[in-house]
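Engineer: Below you will find the structure I want to go over with you.
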């Protein structure tokens with residue numbers, strides 16, 4: 001019996017290595033910064049915010065506990081006292097299942113023992129092989145006091161882990177960052193004059209070279225507007241965009257995050273807001289020589305983002321970020337992008353903060369991407385266009401990182 005079209009698509013999607021274009025993971029040589037293990041999975045901020053709705057203990061007491069104790073509380077609240085039906089909880093189950101562990105037959109003590117028995121390098125290789133990852137793009141911040149010294153010391157790079165330069169403090173906290181830059185030897189002032197903007201560009205060039213960054217990136221609040229007489233807008237116009245042109249790099253905008261909606265939840269306390277995509281439209285129109293990678297946090301922004309991408313070839317939508325990283329919304333957003341953009345976008349990135357998470361995030365997303373593609377291929381076949389395996393492979397490679405890498409290089413089909 002001939003293999004069905006959906007089966008062909010699924011087989012090719014599963015077999016194609018993916019370039020994970022945005023994560024919060026680190027090179028193994030950066031030591032404990034690369035998180036992995038059951039306790040790290042359980043204290044991931046997605047689960048902490050969910051568990052906070054079920055735990056009776058005050059958050060202050062939760063935060064004062066050790067990481068292992070925090071994991072105990074999350075496990076009890078979400079897996080023992082309630083069924084693990086949320087996507088974040090399902091992610092734990094999928095991860096353990098793919099590692100050959102039955103969570104029903106293992107309490108946390110035995111899960112911790114299993115992880116403790118793993119050789120770190122072997123575990124990294126096993127996870128990347130199981131997730132079928134060709135590369136992992138990190139998020140690297142020179143402003144992070146824990147990360148910066150690792151780059152200052154230097155280390156032997158794992159070629160599978162590539163860098164992206166994160167510059168949030170530069171843009172959203174300029175008064176404090178200008179002081180820090182002076183301490184680092186850059187001749188800047190609070191005033192954004194030509195001298196200061198030139199020194200900011202020198203700083204960006206220095207760190208791009210130091211970490212071999214593939215692109216630079218920032219998360220922006222819903223209040224971001226452009227053009228505007230604001231420090232963020234002036235820094236982007238006078239330093240970031242010229243830097244990107246000089247370096248031949250794309251500028252990634254992650255739009256719509258509201259920081260610290262509930263500060264008591266710490267990292268888990270960020271929220272979502274509607275981004276003003278008029279700013280993005282103006283940026284793309286005013287700077288056709290710059291390339292913009294964009295993802296939006298709000299579901300309500302997704303259609304406008306795709307329409308803008310139809311109008312501007314220097315705009316590349318990517319991923320389903322944070323609150324849109326649920327099967328229902330990934331399916332909706334991916335289908336809409338296929339219908340309006342063809343394959344000229346990147347449907348997903350893992351956004352993983354814990355290495356093990358790439359297992360479930362890609363296992364779940366590959367299935368949805370395969371289903372969405374199959375639906376479109378069936379529709380094409382009904383209209384007389386029978387897709388070949390070679391064409392499917394081309395399209396899947398494009399969607400799983402090939403198109404992204406081509407966009408970064410400035411190349412077109």
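The values are calculated or read from the model by the stated rules, or taken from the named source; none is laboratory data. Because the structure is a prediction, the values reported are computed rather than measured. Cβ coordinates were reconstructed from backbone atoms using ideal geometry, including for glycine residues, and neighbour counts include every protein chain displayed.
Engineer: From (1) over 25 Å from the mean Cα position of the chain (by Cα); (2) more than 30 Å from residue 402 (Cβ to Cβ); (3) part of a loop (DSSP other than H, G, I, E, B), pick out the condition that doesn't hold for residue 85.
Structural biologist: Looking at each condition in turn, residue 85 falls short on (1).
Engineer: Sticking with this one: Report yes if residue 248 is in contact with a strand residue (DSSP E or B) (Cβ under 6 Å, 6 or more places away or on another chain), on the phi > 0 side of the Ramachandran plot and in contact (Cβ under 8 Å) with a residue 40 or more places away in the chain, otherwise no.
Structural biologist: When the stated conditions are applied, residue 248 does not pass them.
Engineer: In addition: Please pick out the residue among 80, 167, 101 that is at negative phi and either buried (at least 18 other Cβ atoms within 10 Å of the Cβ) or touching a residue at least 60 places away in the same chain (Cβ under 8 Å) (or both).
Structural biologist: 167
Engineer: If you go through the range 36-51 one residue at a time, do you hit one that is on the phi < 0 side of the Ramachandran plot, surrounded by fewer than 17 Cβ atoms within 10 Å (Cβ to Cβ) and more than 27 Å from the chain's Cα centre (by Cα)?
Structural biologist: No, that holds for no residue.
Engineer: Right, next: Filter the range 120-164 down to the residues that are in contact (Cβ under 8 Å) with a residue 24 or more places away in the chain, under 30 Å from residue 191 (Cβ atoms) and in a helix (DSSP H, G or I) and list them by number.
Structural biologist: Within the range 120-164, 151 is the sole residue that qualifies.
Engineer: Hey, among 342, 402, 410, which residue is under 24 Å from residue 216 (Cβ atoms) and at pLDDT 95 or above?
Structural biologist: Sole residue among the options that is under 24 Å from residue 216 (Cβ atoms) and at pLDDT 95 or above: 402.
Engineer: Turning to a different aspect of this structure: Would you check which residues across the range 229-258 are closer than 18 Å to residue 191 by Cα and surrounded by 15 or more Cβ atoms within 10 Å (Cβ to Cβ) and list them?
Structural biologist: The answer is 230, 231, 232, 233, 234, 235, 236, 237, 238, 239, 240.
Engineer: Also, I was wondering about something else. All but one of (1) buried (at least 20 other Cβ atoms within 10 Å of the Cβ); (2) free of Cβ contacts under 8 Å to residues at least 60 places away in the same chain hold for residue 217; state the number of the condition that does not hold.
Structural biologist: The number of the failed condition is (2).
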